[in-house]
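Novice: Quick one: this structure, given as structure tokens, is what I'll be asking you about.
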Amino acid sequence: MIIEVKNLKKTYEGKVPTHALKNINFNIKKGEFIALMGRSGSGKSTLLHQLGLLDRPSAGKIMIDGTNLMSFSKEQGSKFRLEKLGYVFQSYALLPELTALESVYLPLMLSNIDKKIYIKTASEMLKKVGLGNKLHNLPRELSGGEQQRVAIARALVNNPIILFADEPTANLDSESSKVILELFKKLNKEINQTIIMVTHEPDDKKYVDRVIWLKDGEIQEED
Amino acid sequence: MNIKTAFFLAFTSLKRGNKGTLAMTILIMTLAYINIVFISSVFGGIVDAINTQSIDNQYSNIVIEPEIDEKYITNTRAINSIKTIPGVIGVSAHYIDKPFVKYDERKDNKDVKTGNWVLKSIDVADEKKVTKIHEAIVAGSYLEDNDRDQIIIGREVAGNYGGSLRHLSLNVLIGDEIDLSFKNGIKRTYTVKGIFGTKSTSVDQMLFITKKEMESVLNVHNLASEVLIKIEDTGNEDYYINEIRHLGLVHEDIKKWSDLMGFTSSASMSFAMISIILGVIGTIVAGVTIFIIIFVSVVNKRRQIGILKAIGMGDNTIILYFVIQALFYGIVGVILGASFILFVLRPYFMSNPLDFPVGWVSLKVTFDIIRISNISLITAALIGGFFPAYRGAKESILKSIWG
């Protein structure tokens with residue numbers, strides 16, 4: 001198993017505590033393409049944040065590739081995210097001053113890889129997502145779909161064991177959305193990339209291996 | 001911490017960010033630097049002018065006065081030997097009296113102007129080596145060794161040559177005769193040969209006659225009420241005082257010019273204090289400016305900071321990313337500010353010094369002022385950049401990205 005989740009809980013403290021996740025248990029195998037679905041407020045994004053180490057659960061256990069995430073310090077978490085995980089966010093989340101190539105090689109630079117290698121690797125990754133001719137374009141010179149593909153290239157450039165995508169097509173037109181989802185499917189099939197994607201589009205089910213449905217912070221069903 | 005990535009992001013941000021903001025920030029830093037250095041340098045220039053005036057026209061470097069309860073310095077042999085000390089440029093002995101001075105323009109005892117001023121006698125050749133009063137003649141001419149019934153007077157005594165105490169003056173012109181009643185009762189009449197105007201009010205309230213004339217009035221020979229000594233290396237007076245003591249002037253009162261400054265010394269300290277206060281305020285303003293600029297930048301890039309953290313960038317690298325930008329603003333401000341001060345303002349004020357009552361004031365830009373200003377501004381930039389960056393970097397990822 002690449003991910004094992006046991007008795008995961010997330011409660012937001014306050015005058016009236018909000019139980020965003022209640023006793024979540026599931027496993028994900030390597031190479032699976034999973035969709036987390038549910039209504040707004042069901043806890044799907046919250047679950048993705050806990051799995052991706054962007055937030056800390058209140059209780060329970062998350063194991064990724066045999067490593068217990070709960071024992072991580074802040075610095076260990078940063079290192080794990082850099083080396084093992086990739087993220088694609090809802091809105092493209094690129095730095096406006098960086099070109100497509102610079103955005104993609106940034107994680108490699110953080111990993112202290114040699115300059116020649118990181119430029120070559122990032123260029124190849126951009127070619128893979130169909131942007132080999134836009135290496136030196138700034139985000140403002142790219143369409144929404146192209147920016148999201150740069151974000152995907154950045155997420156994949158460190159060869160993450162899991163790619164997390166939080167509603168990656170929410171801000172895109174249907175044509176661009178299709179391109180992105182087909183790219184995910186292709187990556188999943190060709191390089192056996194494990195992908196966990198939050199989506200609210202029922203049509204997206206056709207791209208994934210399995211859907212985990214959430215309702216009120218609990219897993220309602222898996223199909 | 002990944003220093004390379006922090007530098008990369010900082011300089012990419014500076015290079016491709018808003019050029020107007022960049023130019024404005026650098027301009028503010030440059031002006032803040034000029035403000036700190038300029039104020040200190042002007043005050044330094046004023047203090048320098050005061051000191052130069054005192055050395056050039058009043059005290060020279062070292063003043064020897066008689067021992068307590070004595071009227072004159074009597075060790076003539078030792079005084080004459082001072083000239084032999086290497087580094088001594090000149091020695092000038094003065095007799096001092098404070099006569100009652102009278103000017104009766106129409107010789108009819110009506111509308112008579114009177115006053116008491118300090119009268120000193122000089123050996124003309126010796127005096128020219130220790131003071132610059134001979135260069136400050138504004139009317140008539142300087143004394144010559146053989147002058148007996150001639151006198152030169154300061155413009156505050158004369159009253160017609162730009163002095164500030166005209167209401168107390170004699171209102172005389174070159175060629176007018178004035179009557180002096182000495183402390184010993186002798187009365188003599190002198191013709192005004194020259195009028196001098198230094199930038200020192202106290203010097204411009206003095207009168208000078210020749211040594212021979214004064215000795216005939218006081219009936220003394222080869223003594224001195226005070227001796228002024230000019231040395232070639234101002235600031236090294238203690239060494240010469242020690243040498244002078246070794247010549248046998250043990251009980252005489254020997255002082256360096258700075259000990260005699262009195263009011264001007266306290267004014268110098270006040271200027272230094274004002275300079276420090278304004279410097280500190282200028283530095284704080286620069287620090288707060290950087291703080292605001294970085295704070296706005298951090299707020300605007302809050303989401304980007306969250307993204308950078310999400311992809312694995314550590315907090316310290318993010319802090320460094322913003323601190324480098326702040327340091328860049330500070331360092332460029334220092335370079336441009338220092339260049340402007342050294343290559344524009346300083347040469348300008350050297351050619352066009354400011355006319356202050358204490359003298360001609362130029363900018364005194366010292367290495368210390370530059371060094372302290374550099375350190376102050378860069379430290380202000382460092383602190384001003386660090387705190388907003390720290391606050392931004394320590395925010396949780398989710399809060400940074402989604403607010």
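The values are calculated or read from the model by the stated rules, or taken from the named source; none is laboratory data. Quick caveat: nothing in here was measured; it's all calculated off a predicted structure. A quick note on method: Cβ atoms are made from the backbone with ideal geometry, for glycine too, and the neighbour counts reach across all protein chains shown.
Novice: Which residue out of A:K79, A:K84 is surrounded by fewer than 22 Cβ atoms within 10 Å (Cβ to Cβ), within 11 Å of chain B (Cβ to nearest Cβ), basic (K, R) and within 29 Å of B:N300 (Cβ to Cβ)?
Specialist: Sole residue among the options that is surrounded by fewer than 22 Cβ atoms within 10 Å (Cβ to Cβ), within 11 Å of chain B (Cβ to nearest Cβ), basic (K, R) and within 29 Å of B:N300 (Cβ to Cβ): A:K79.
Novice: Which one of these does B:D97 not meet: (1) in the same structural domain as B:D145 (by TED's automatic domain parsing); (2) out of contact with any Phe, Trp or Tyr (no Cβ under 6 Å at 6 or more places or on another chain)?
Specialist: (2)
Novice: Only one of (1) among the β-branched types (V, I, T); (2) within 19 Å of B:V63 (Cα to Cα); (3) surrounded by fewer than 17 Cβ atoms within 10 Å (Cβ to Cβ) fails for B:T114. Which number is that?
Specialist: (2)
Novice: Related question: Of the conditions (1) acidic (D, E); (2) assigned to a helix (DSSP H, G or I); (3) in the same structural domain as B:V124 (by TED's automatic domain parsing), B:D48 fails just one. Which one is it?
Specialist: Condition not satisfied by B:D48: (3).
Novice: Still on this model: Report yes if B:K129 is in the same structural domain as B:K212 (by TED's automatic domain parsing) and either in contact (Cβ under 8 Å) with a residue 12 or more places away in the chain or more than 16 Å from B:K230 (Cβ to Cβ) (or both), otherwise no.
Specialist: In short, yes.
Novice: Is it the case, given these coordinates, that A:Y105 is modelled with pLDDT of 85 or more, among the aromatic types (F, W, Y) and closer than 30 Å to A:D173 by Cα?
Specialist: Yes.
Novice: Is it the case that some residue within segment B:12-20 is within 14 Å of another protein chain (Cβ to nearest Cβ), buried (at least 22 other Cβ atoms within 10 Å of the Cβ), more than 30 Å from B:V217 (Cα to Cα) and not acidic (D, E)?
Specialist: Looking for residues that are within 14 Å of another protein chain (Cβ to nearest Cβ), buried (at least 22 other Cβ atoms within 10 Å of the Cβ), more than 30 Å from B:V217 (Cα to Cα) and not acidic (D, E), one finds at least one in segment B:12-20, hence yes.
Novice: Given (1) farther than 30 Å from B:S164 by Cβ; (2) away from every other protein chain (no Cβ under 14 Å); (3) of a type in the set (D, E), where does B:D315 come up short, assuming only one miss?
Specialist: Condition not satisfied by B:D315: (2).
Novice: For B:I319, are the conditions met, namely being in contact with a Phe, Trp or Tyr (Cβ under 9 Å, 6 or more places away or on another chain) and at pLDDT 90 or above?
Specialist: Answer is yes for this residue.
Novice: Follow-up. Conditions first: (1) among the acidic types (D, E); (2) under 24 Å from the mean Cα position of the chain (by Cα); (3) surrounded by 24 or more Cβ atoms within 10 Å (Cβ to Cβ). B:E127 passes all but one, so which condition is the exception?
Specialist: The one condition B:E127 does not meet is (2).
Novice: Here's a follow-up. Does B:L173 fit the bill of being assigned by TED's automatic domain parsing to the domain that holds B:K107 and either basic (K, R) or touching a Gly at 6+ places or on another chain (Cβ under 8 Å) (or both)?
Specialist: no
Novice: Quick one: would you say A:L51 is under 22 Å from A:E201 (Cβ atoms), within 14 Å of another protein chain (Cβ to nearest Cβ) and either exposed (fewer than 15 other Cβ atoms within 10 Å of the Cβ) or touching a residue at least 12 places away in the same chain (Cβ under 8 Å) (or both)?
Specialist: yes
Novice: Let me ask something else about it. I need the helices (runs of 4 or more DSSP H) fully contained in segment B:286-366, keeping only those with at least 3 residues that are assigned by TED's automatic domain parsing to the domain that holds B:M29 and among the basic types (K, R).
Specialist: Correct list: B:302-310.
Novice: Taking the options B:S202, B:S270, B:S275, B:S266, name whichever one is under 17 Å from B:N57 (Cα atoms) and at pLDDT below 90.
Specialist: That would be B:S202, the only listed residue that is under 17 Å from B:N57 (Cα atoms) and at pLDDT below 90.
Novice: Taking the options B:S40, B:S60, B:S54, name whichever one is touching a Gly at 6+ places or on another chain (Cβ under 7 Å) and either away from chain A (no Cβ under 14 Å) or aromatic (F, W, Y) (or both).
Specialist: Just one listed residue meets the conditions, B:S40.
Novice: How many residues does segment A:178-204 contain that are touching a residue at least 24 places away in the same chain (Cβ under 8 Å) and surrounded by 14 or more Cβ atoms within 10 Å (Cβ to Cβ)?
Specialist: Residues meeting the conditions: 18.
Novice: Another question, if that's okay. When you check A:E175 against the structure, is it assigned to a strand (DSSP E or B), away from chain B (no Cβ under 14 Å) and at pLDDT below 85, yes or no?
Specialist: no
Novice: Which one of these is away from chain A (no Cβ under 13 Å), closer than 30 Å to B:I133 by Cα and among the charged types (D, E, K, R): B:R346, B:R371, B:R391?
Specialist: The match here is B:R346.
Novice: Then there is this: Check off (1) polar (S, T, N, Q); (2) within 19 Å of B:I311 (Cβ to Cβ); (3) within 13 Å of another protein chain (Cβ to nearest Cβ) for A:N137 and give me the number that stays unchecked.
Specialist: (2)
Novice: Here is a check on your reading of the model: is B:I383 assigned to a helix (DSSP H, G or I), in contact with a Phe, Trp or Tyr (Cβ under 9 Å, 6 or more places away or on another chain) and within 14 Å of chain A (Cβ to nearest Cβ)?
Specialist: It is false that B:I383 is assigned to a helix (DSSP H, G or I), in contact with a Phe, Trp or Tyr (Cβ under 9 Å, 6 or more places away or on another chain) and within 14 Å of chain A (Cβ to nearest Cβ).
Novice: For segment B:58-74, which positions are in contact (Cβ under 8 Å) with a residue 40 or more places away in the chain, surrounded by fewer than 20 Cβ atoms within 10 Å (Cβ to Cβ) and in a loop (DSSP other than H, G, I, E, B)?
Specialist: Matches in segment B:58-74: B:P66, B:E67, B:I68, B:K71, B:Y72, B:T74.
Novice: For the structure I just gave you, tell me whether A:F26 is in a strand (DSSP E or B), touching a residue at least 12 places away in the same chain (Cβ under 8 Å) and aromatic (F, W, Y).
Specialist: yes
Novice: Still on this structure, please answer the following. Does A:L98 satisfy the criteria of being crowded, with 18+ Cβ neighbours inside 10 Å, of a type outside the set (G, A, S) and more than 8 Å from chain B (Cβ to nearest Cβ)?
Specialist: Here the answer is no, as A:L98 does not meet what is asked.
Novice: Determine which member of the set B:V296, B:V332, B:V358 is among the hydrophobic types (A, V, I, L, M, F, W, C), under 21 Å from the mean Cα position of the chain (by Cα) and surrounded by fewer than 23 Cβ atoms within 10 Å (Cβ to Cβ).
Specialist: B:V358
Novice: Give me the strands (runs of 3 or more DSSP E) completely within segment B:168-239, filtered to those with at least 3 residues that are surrounded by fewer than 20 Cβ atoms within 10 Å (Cβ to Cβ), ordered by residue number.
Specialist: Once the strands (runs of 3 or more DSSP E) in segment B:168-239 are filtered for at least 3 residues that are surrounded by fewer than 20 Cβ atoms within 10 Å (Cβ to Cβ), what remains is B:177-181, B:187-196.
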